[in-house]
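Heads up, the thing below is written out as C-alpha cells.
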Amino acid sequence: MMKIVVAFMASIVSIHSAIAGSNAQLGPLASAQREHRIDHAQELLGSLYKKNTAVRSGEQITKVNGAVYRWTKEHLPKKFRADSQRIAQAIIDTSLKYKFDPILVLAVIQTESSFNPVMIGGVGEIGLMQIRPETAEWLAKKKGFRWAGKDSLRDPVTNIKIGCAYIEWLRERFDSHAGLYLAAYNMGPTNVRNLLGDKKWPKEYASRIMQNYISYYEELKDTKG
C-alpha cells in the first residue's frame, strides 16, 4: 500500500513539475500580453472601465490569442482565409510591441475595412487599416519600415505594422488620450486640434471603434483563459 501511495505522489509531483516548466516557458510572454491588454483597456475606457463588465471580464482571461486567430479567420473574405494565421500573428506581435490590446487592433480593422485586405477608401486609403500612401511612406521612413510604394499596403502584415505604428505615434502626440488619438487616426491630428480649438469634441469615429471593441469583449467574456 505504501509503495502505491509513494508512486502516486511521485506521479503528482511529476505532473506539477511539467506544468511548472511549461508555465515558466510561456508565462512571461503571456503575462506581459495580459498586463498590456488590461492597461490599454483602462486607457481606452477611462472612468467607464469599472462599469463595463464585458471588458473588465478580460482581467480573468490569461490569453486571447486563440480568439484573435478565430476572429481573424471568420471575418476575412474567403479568398484570404488561407493567410489568416499570418495576419492574426501580425496583430498579436504588433500589439505586444506597442503595448496595445490586440482586440483594439481588431476593432480598428473592423471599423476601417471590415477585414477586406484590398479595400480602397474614398481618398485613396488602402487595405485592412485603410492607410493613405503618403502617410505610410512618411511613417515607413520615420520608423525604418521597408517601403516599395503604395502596393506595400496591399500586404496585410505590412499594413498592420504601419497602421499600428501610426496609432502609437498619435497616442504619443495626444498624451494617451484614447478619444483623441483614435479620432486623429481617422481625421488627422491637425483637424482634431482645430476642433479642440473651436471647443468641439471629436467623438463619432472613436465611438464606432469602441462599439466594435466592446462587442468583441461581449463575445469573449464567457471564454475561460
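The values are calculated or read from the model by the stated rules, or taken from the named source; none is laboratory data. Since this is a predicted model, take the numbers as computed values, not measurements. Glycine gets a Cβ as well: all are built from the backbone with ideal geometry, and neighbour counts include every protein chain shown. Only protein heavy atoms, including side chains, enter the accessible area calculation; ligands, DNA and RNA are left aside. Shrake-Rupley method; radii C 1.70, N 1.55, O 1.52, S 1.80 Å.
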With a point put 7 Å past each Cα toward its Cβ, work out how far H177 is from S114 in nm, to one decimal. 3.3
Please calculate how many Å² of accessible area the chain carries per residue, with a 1.4 Å probe and no DNA, RNA or ligand atoms counted. 55
Which links in K97/K142; K99/K161; K161/K221; K78/K99; K73/K99 stretch past 19 Å when you go from one Cα to the other? K161/K221; K78/K99; K73/K99
S31/K221 FRET efficiency (R0 30 Å; Cβ-Cβ; nearest 0.05): 0.90
Take each of the peptides 174-180, 157-163, 74-80, average the number of other beta-carbon atoms within 10 Å over its residues, and list them starting from the highest. 157-163, 174-180, 74-80
What's the extension gain from E59 to K203 if we count 0.36 nm per residue and subtract their Cα-Cα distance? 49.2 nm
Using DSSP H assignments, which helices in the chain have an axial alpha-carbon span of 30 Å or above and a mean Kyte-Doolittle hydropathy of -1.0 or higher? 2-45
Once amide H atoms are built 1.01 Å from N in the peptide plane, which residues 5 or more positions from I126, or in another chain, come under 5 Å H to H? G121, I131, R132
Here the FRET efficiency for L48 versus A148, based on Cβ atoms and R0 = 41 Å and rounded to 0.05, is 0.45
Per the Debye formula with a single identical scatterer at each Cα and no solvent contribution, what log10 I(q)/I(0) holds for the chain at q = 0.07, 0.16, 0.18 Å⁻¹? -0.27, -1.13, -1.38
Run the accessible area of the chain with a 1.4 Å probe and give the carbon-and-sulfur part as a rounded percent. 53
